[in-house]
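**Student:** What follows is a structure written as structure tokens; I'll ask about it next.
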């Protein structure tokens, strides 16, 4: 085939613009790249870099959406930008297949998975009989590692686990033997151990079928172990492009260097922020429990949702002590109960069992009214920077809220205090009267931190405080939390699914699974000598930037 | 699933009981002496006293309600002077107007209402789903604009306006159709259909506007879902995208609404029946309201309530069966 | 110590603006909505000025004019188009000869007042029931939700008609209609408020407000109620035209306002016997009722789109697994 001599993918001067209420948004702006047959390229970038938009253009998915696409896109010998509808349909799935981020919503909920794959097969192989197509579906399902594929092909998507669904979606992609696989954040919705399995599968399939891969991801670690070439995007443009090791080990561009520097490493000890001398507050964050006063003590904490047969135990007998001034990291995969635990610790949720003591006083069973006295001392920073601020109130008013509720300070004092807090978290003190939508995600998270600081709490529970943020913003917010903890002598409970992020802040680490604590100990020792097999598996699954680690 | 049905059935029984109690008490406590109403305008106080005794109107309300319930389940005997009138099991009492059994009156009027409901439903499903799908699939075109305005106009029109206009055009001016006068299906199917045509169209077309809007929005919502994007990205032609992957989810709420509407139409097509002089349950209700024939009014309200409650359970089940993501709880 | 002092960095295209000004701009950008608002403005003005206009025409709603109808033909108005003349701008009523122009205007008053009053009652009850259900404990919620379900499902007209059978004759009818419609048809509003409140309650900023240590009422007032305004207004705008239709329907059935108070529904009811002899008498109230409800419906549609610009942002390729919960509205046939 002569096509093999040409590049598999060739994109020249691609621009994609979306008309919107506030004018035209240029998501991709003059992007060019090529991919050789059988090659693998990762497009990496932060949110808004246009990486997914560019990937969608490879299959002509912007057609009919109102987006303006210019430039040329050629995939496996087809001119996607000029193709008529019939040719475009042949390209989609036949020459290039796509795997999407959320495997649950990406499959038809009403139909058996095997039927869905068979349907796609028959679209591209009009001669194939129904039976052939079904057989092919079972074959590819088996190929992607679905056990008992013939039987499971009759299941509907909701009967599969998240990882299995993503495998099924990959099987659909394989159904018509495409020459290119485009994977848009294929592992972002998955837990880290499942992510590792899916990435392994992609590597195997590539080696076996010789198809090309374009992997769109925000995670440099995921890209590092899966592709040959790396394309770094920012604001719709290519910043840097080259062989993966070259870009990662010796980046040319400052942006790439900053990006790499911001990536948290799970295999690097955290740099302990030393407390400036002369600040008199109990408890040092660095040396672990030098001071043994337990601030918050949970004993056999339980929480069930629902009643009767449908009851689900989210947290199942967790005992945990948080001492003044220390940071406890809580890690776990989805469904481990970590968020429920965090919400119980600040009493946004009532425990169904067990005991929760704050400075010796049982607060686990207090009612809302009785809790008010303790509210100011236990605060929380939330995950979602969008929903954690009331869009109808200025950020200053949001921060002032706990002060106004306490009713101790006058109006002028409150405003002064809010300005001070804004400055403390790295925002313009003049931003008092601005509204949340005027701020970026990272800035909103800073506002959330300022609000948590306002009533001068002793303990802040941070529930995935940086997981919705881009990696550079993530690093800034994590650094801010570290500084605040050091300067104010706060106790922090830092809940996250990302083991590397947690390592950057924690004195002690708690690993949760299925509502229980499986391992607990000083952070460095858990990370370096995990005792529990689950923790070991978790740590081994974290994708690493460095090749030495990637082999492990 | 079984526990779900059991729970819903128990809930429905409870709702209908509470509803009937509320209705019963409201109507029999209300000002206006039931005995006087039952007896008629030319009664003397002594006759009224007799009727009061007959109907046991001096018993406490709860006892009266209990008798009412008993009547519904086991039947009841009424003494009229020397004769004894027996009222069979689903007994809702005797009409104040002519001492006829209320149940018989209702059964008599059921065919007209059922004819209207079934025919109109066929019209509104065909027209509503058709236009809804068409305007969802022809987005942004002139077709969509015209259909959008038509459905808006449809939702803004009461049936007595569309009915009047239809009567004026087809009966008075063009003289294509007879002025509707109900002919039972069993008597003459052709005349039945010919006479029902205008009521069907008048009610069906208006209702179809609601269905068109629901179909349109639900289809658009389904077409925007991620799994549709998946199949589009795999080269599945638009036509089979809609037919195989969007339609089922899109029509789930439409089917559910149909079931719910079908329940309420049994008592609720009052306007259409009055407009076209159909001898249905709605017409009976309005007449009984004007003559304050309490047993009939109470019966119609309670039966309609029961029909609606049952229809809603059916609707929920149909919705869950059609859209498997909704769990029955 | 602070690593960076961020000042200006507005984020474009993120989170659709929901401020009052943007909503107003989006609303006024829709020609159909502006036209509908103009029609309704005119109608309200005419209704308010009814006594003035009646004086201007020199007629009143209740005077019979036997000389203007042809008693030999059963009372058909003399003259063309229902007896339109310089004295009677829109002709006279068949049978009685009462002035149509004035009667239609007074009919508009009844129609608008009853619909508005009923909508207010529906909003108040809906808010009270919906909020109590969403914020109360499990038993309160379950009881109120069941009640709401029943209210949503019940065919309103049947109940309203039945109710008219037992209310004393001397009770002021317009007020009775307001309460009958308001008390029987608050179900969908309560359901909407409960649903909205429940999803708001899940938002982190409401949790954060609880952590401030303020009272529950304080949280509800500051965080929940303002966010409920938009959906409640939208839904009230949808309820208004349907209340107009309900009032007209009840008057049509003879259980609405009592004669001689003029009402569109009642005129249409009489018109069923006149449409051959005097089509003008059918067309005038029918047209007026149709235009009014259509204008309200169009305006409500405009308000809905202006408050929920998702419609406009559907342009983008479906990204992210947006959870879609389909509405299943209850019906009144």
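Here, each number is a calculation from the coordinates, and none is a lab measurement. Quick caveat: nothing in here was measured; it's all calculated off a predicted structure. We place every Cβ from the backbone using ideal geometry, glycine too, and count neighbours over all the protein chains shown.
**Student:** Considering the convex hull of the alpha carbon atoms of the protein assembly as shown, report its projected area averaged over all viewing directions, in nm², one decimal.
**Tutor:** Its average projected convex-hull area is 56.0 nm².
**Student:** Sticking with this structure for a sec: Mind running the shape call on region A:328-403? Use the C-alpha gyration tensor, a ≥ b ≥ c as the square roots of the eigenvalues: rounded below 1.5 for a/c, prolate if a/b tops b/c, oblate otherwise.
**Tutor:** oblate
**Student:** Pop out the Kirkwood hydrodynamic radius of region B:24-157 from its pairwise C-alpha distances, inverse of mean 1/r, in Å to one decimal.
**Tutor:** Across region B:24-157, the inverse of the average 1/r is 19.2 Å.
**Student:** Can you tell me the 0 to 90 degree angle between the C-alpha axis of helix A:441-453 and the longest principal axis of chain A, rounded to 10?
**Tutor:** 20
**Student:** Roughly speaking, what is the stretch gain from residue B:69 to residue B:175, that is 0.36 nm per residue apart minus the C-alpha to C-alpha distance, in nm to one decimal?
**Tutor:** The residue B:69-residue B:175 span can extend by a further 33.2 nm.
**Student:** For labels at residue B:13 and residue A:305 in the simple 7 Å Cα→Cβ model, what's the distance in nm?
**Tutor:** 3.4
**Student:** Computed over the Cα atoms of region A:395-452, what is the ratio Rg over Rh, Rh following Kirkwood?
**Tutor:** With Rg and the Kirkwood Rh in hand, the quotient comes to 0.95.
**Student:** Need one number: nm distance between label points at residue A:355 and residue C:89, each 7 Å from Cα along Cα→Cβ, rounded to one decimal.
**Tutor:** 8.4
**Student:** For each of A:124, A:218, count neighbouring Cβ atoms within 10 Å of the residue's Cβ, then give the residues from fewest to most.
**Tutor:** Fewest-to-most Cβ neighbours within 10 Å comes out as A:218, A:124.
**Student:** For chain A, find the longest principal axis of its Cα atoms and tell me its angle to the long axis of helix A:192-209, 0 to 90°, nearest 10.
**Tutor:** The angle comes out at about 20 degrees.
**Student:** Take the alpha carbon atoms of region A:31-93, find their center, do the same for region C:181-222, and report the distance between the two centers in whole angstrom.
**Tutor:** The two parts, judged by their Cα centres, are 45 Å apart.
**Student:** Compute the angle between helix B:102-137 and the longest alpha-carbon principal axis of chain B, please, reported from 0 to 90 degrees and rounded to the nearest 10.
**Tutor:** 10
**Student:** Also, I was wondering about something else. Using only helices, what value at 222 nm comes out for the protein assembly as shown when you add -39,500 (n - 2.57) per DSSP H run of length 4 or more and divide by the total residues, to the nearest 500 deg cm²/dmol?
**Tutor:** Estimated from H runs of four or more residues: -16500 deg cm²/dmol.
**Student:** Pop the C-beta distance of residue A:524 and residue A:334 into the FRET formula with R0 = 41 Å and round what comes out to the nearest 0.05.
**Tutor:** It comes out at approximately 0.95.
**Student:** Hey, with R₀ at 35 Å, roughly what FRET efficiency would residue C:20 and residue C:138 work out to, going by the Cβ-Cβ distance, to 0.05?
**Tutor:** 0.45
**Student:** Hey, could you grab the Kirkwood Rh for region C:108-309? Inverse mean 1/r over distinct alpha carbon pairs, Å, one decimal.
**Tutor:** 18.6 Å is the Kirkwood radius here.
**Student:** Also, quick follow-up: Averaged across A:170-179, how many Cβ atoms of other chains sit within 10 Å of each residue's Cβ atom?
**Tutor:** Mean partner shielding for this stretch: 1.
**Student:** How big is the convex hull of the Cα atoms of region C:118-193, per residue, in Å³?
**Tutor:** In region C:118-193, the Cα convex hull volume per residue is 83 Å³.
**Student:** Another question, if that's okay. What ranking of C:139, C:179, B:27, A:382 emerges when the number of other C-beta atoms within 10 Å of each C-beta is taken as an exposure proxy, fewest first?
**Tutor:** C:139, C:179, B:27, A:382
**Student:** Can you compute the modelled spin-label distance between residue B:86 and residue B:190, with each label point 7 Å from Cα toward Cβ, in nm?
**Tutor:** It is 4.4 nm.
**Student:** Report the calculated FRET efficiency for residue C:171 and residue C:124 (r = Cβ-Cβ distance, R0 = 30 Å), to the nearest 0.05.
**Tutor:** 0.90
**Student:** Hey, what did chain A get for relative contact order, percent, Cα under 8 Å, at least 6 apart?
**Tutor:** 15
**Student:** For a paramagnetic label modelled at 7 Å from the Cα of residue A:261 toward its Cβ, which residues of region A:469-490 fall within the zone defined by backbone nitrogen distances under 19 Å?
**Tutor:** A:470-483
**Student:** I need the per residue convex hull volume for region C:171-268, using only the alpha carbons, in cubic angstrom as a whole number.
**Tutor:** 107
**Student:** Here is a further query. Once you have the alpha carbon radius of gyration of region A:104-177, what is it after dividing by 2.2 N^0.38 Å, with N set to its residue count?
**Tutor:** This ratio for region A:104-177 stands at 0.96.
**Student:** When ranked by the protection proxy of mean other Cβ atoms within 10 Å per residue, highest first, what sequence do the peptides A:87-93, A:125-131, C:51-57 form?
**Tutor:** A:87-93, C:51-57, A:125-131
**Student:** I would also like to ask the following. How would you rank A:15, A:161, A:155, C:263, going from fewest to most other Cβ atoms within 10 Å of each one's own Cβ?
**Tutor:** A:161, A:155, A:15, C:263
**Student:** From zero outward in steps of 10 Å, how is the percent of C-alpha pairs of region B:104-327 spread across the bins?
**Tutor:** Bins of 10 Å from zero give 8, 27, 31, 21, 10, 3, 0 percent of pairs.
**Student:** Give me the compactness ratio for chain A, meaning the Cα radius of gyration over 2.2 N^0.38 Å.
**Tutor:** Against the empirical 2.2 N^0.38 Å value, I get 1.06 for chain A.
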